[in-house]
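Data block below; observations after.
The values are calculated or read from the model by the stated rules, or taken from the named source; none is laboratory data. Computed from a prediction, not measured in an experiment: that's the story for all the values here. Quick reminder, even Gly has a Cβ in these numbers, built from the backbone with ideal geometry, and neighbours come from all protein chains shown.
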Amino acid sequence: MINKLPKIELHCHLDGSVRVDTIIDIAKKENIKLESYEKCDVEKLVQVPNDCTSLNEYLKRFDLANKVMQSRENIKRVTFELLEDAQKENVKYIEVRFAPLLHLNGGLSIEEVIQSAIDGINEAEKMYDIKGNIILCCMRTMSEDDAILVVEEGKKFLNKGVVAIDLAGPEEEGFVKKYKKAIELARSYGYNITIHAGEAASSQNVIDAINIAKAQRIGHGVRIKDMKEAYELVKETKVVLEMCPTSNIQTKAVEDFRKYPLYDFYKNGINYIWHFLQYDKHHFQKKYLKMIYNKKVKGNEWEFRLIKIK
């Protein structure tokens, strides 16, 4: 049933969506050293283990994919394959996000990196019934000057494949203020704003993302369940949360599915979309979708059928 539903995907990380076979193929062709070239071993390197303890540990699983995304050809290929995989799940529209500054080790310019991803989207759109756009991520491990550089370099692609800017990566308290000028510049150019917040730190970051950065969407935001002020602000402003249940449980933002606030948010009128990881990790995605679809959590009245899709 789920596969037959037309879908949109608004929170998808490109470097979290690389096929394992593609990692192995590129690594062999370009002499990139891996611990092993066996598929089962590489899968373990990119999968998030059940005993993952934090967001920072979780993010390390993206490192290997980034190693094989350092050329125009490879970035285009990975982007195309993501849309190819997504359309098999009947995704009709997808926003792919990634950080251009993580793909400069092979000598590419930021412009070349962005154009390569757009080329991959364009090729997929010609072949399949799917549309795509790009969200440019500014990494919170980098400076505001780096963020401004991404904003400036991405400007020429606005409404030509790029639709938004994001702040992503390890989350610290109060990070929004550090990037205030960069986000203001992006907004003045016409970028839409979505910001990862309220995932690994408190919901004060969600408040800052809305009040300071004027974010239209929040990546995750699950921790608003613990702060009334943030909860009411999200509800009042109708900012959309990009809910990621599987990720939040793996990073320990939420203890388990029984305590996940998806249904509570639905009952209380919080605007959100929800998804279950990226397309290179089909086994995770299908496992958790099946779990939610089949399980009724007593005392919380949470069943898949109660989440209306309009």
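List of remarks:
- Scope the range 76-122; condition over 12 Å from ASN133 (Cβ atoms), of a type in the set (D, E, K, R) and not in a loop (DSSP other than H, G, I, E, B); matching residues: LYS76, ARG77, GLU81, GLU84, ASP85, LYS88, LYS92, GLU111, GLU112, ASP119
- Filtered by the rule that a residue be of a type in the set (A, V, I, L, M, F, W, C) and closer than 26 Å to SER202 by Cβ, the range 151-181 gives ALA164, ILE165, LEU167, ALA168, PHE175, VAL176.
- Cross-chain or 6+ apart pairs with Cβ under 7 Å, the range 100-112 first and more than 18 Å from ASP166 (Cβ to Cβ), then acidic (Asp, Glu): GLU111/GLU153
- Scope the range 15-50; condition within 15 Å of ASP63 (Cβ to Cβ) and hydrophobic (A, V, I, L, M, F, W, C); matching residues: VAL18, VAL20, ILE23, ILE26, ALA27, ILE32, LEU34, VAL42, LEU45, VAL46, VAL48
- Residue within the range 273-285 that is part of a loop (DSSP other than H, G, I, E, B), on the phi > 0 side of the Ramachandran plot, out of contact with any strand residue (DSSP E or B) (no Cβ under 8 Å at 6 or more places or on another chain) and at pLDDT below 85 present: yes
- Residue check for ILE135: modelled with pLDDT of 95 or more, closer than 27 Å to ALA200 by Cα, surrounded by 14 or more Cβ atoms within 10 Å (Cβ to Cβ) and in contact with a Leu (Cβ under 7 Å, 6 or more places away or on another chain): no
- Check on SER188, polar (S, T, N, Q), within 17 Å of TYR231 (Cα to Cα) and free of Cβ contacts under 8 Å to residues at least 40 places away in the same chain: no
- Qualifying residue in the range 224-238 (condition: touching a Pro at 6+ places or on another chain (Cβ under 8 Å) and among the basic types (Lys, Arg)): yes
- Positions within the range 211-241 being surrounded by fewer than 23 Cβ atoms within 10 Å (Cβ to Cβ) and farther than 20 Å from ARG187 by Cα, in sequence order: LYS225, ASP226, MET227, LYS228, GLU229, TYR231, GLU232, LEU233, LYS235, GLU236
- One residue from LEU55, LEU64, LEU5 being surrounded by fewer than 16 Cβ atoms within 10 Å (Cβ to Cβ) and either modelled with pLDDT under 95 or more than 26 Å from GLU255 (Cβ to Cβ) (or both): LEU5
- Total residues in the range 51-70 satisfying the condition of being more than 27 Å from GLU144 (Cβ to Cβ) and touching a residue at least 40 places away in the same chain (Cβ under 8 Å): the figure is 4.
- Tabulated pairs, the range 139-164, first farther than 15 Å from ILE110 by Cα and touching a residue at least 12 places away in the same chain (Cβ under 8 Å), second in a loop (DSSP other than H, G, I, E, B) and not small (Gly, Ala, Ser), C-beta under 8 angstrom, 6+ apart or interchain: ARG140/PRO170; ARG140/GLU171; ARG140/GLU172; ARG140/TYR179; THR141/PRO170; GLU144/TYR179; VAL163/TYR191; ALA164/TYR191
- Among residues of the range 226-249 that are closer than 15 Å to GLU9 by Cβ, those with a Cβ under 6 angstrom from a residue that is in a helix (DSSP H, G or I) and of a type outside the set (Asp, Glu), sequence gap 6+ or separate chain, pair up as THR246/TYR288.
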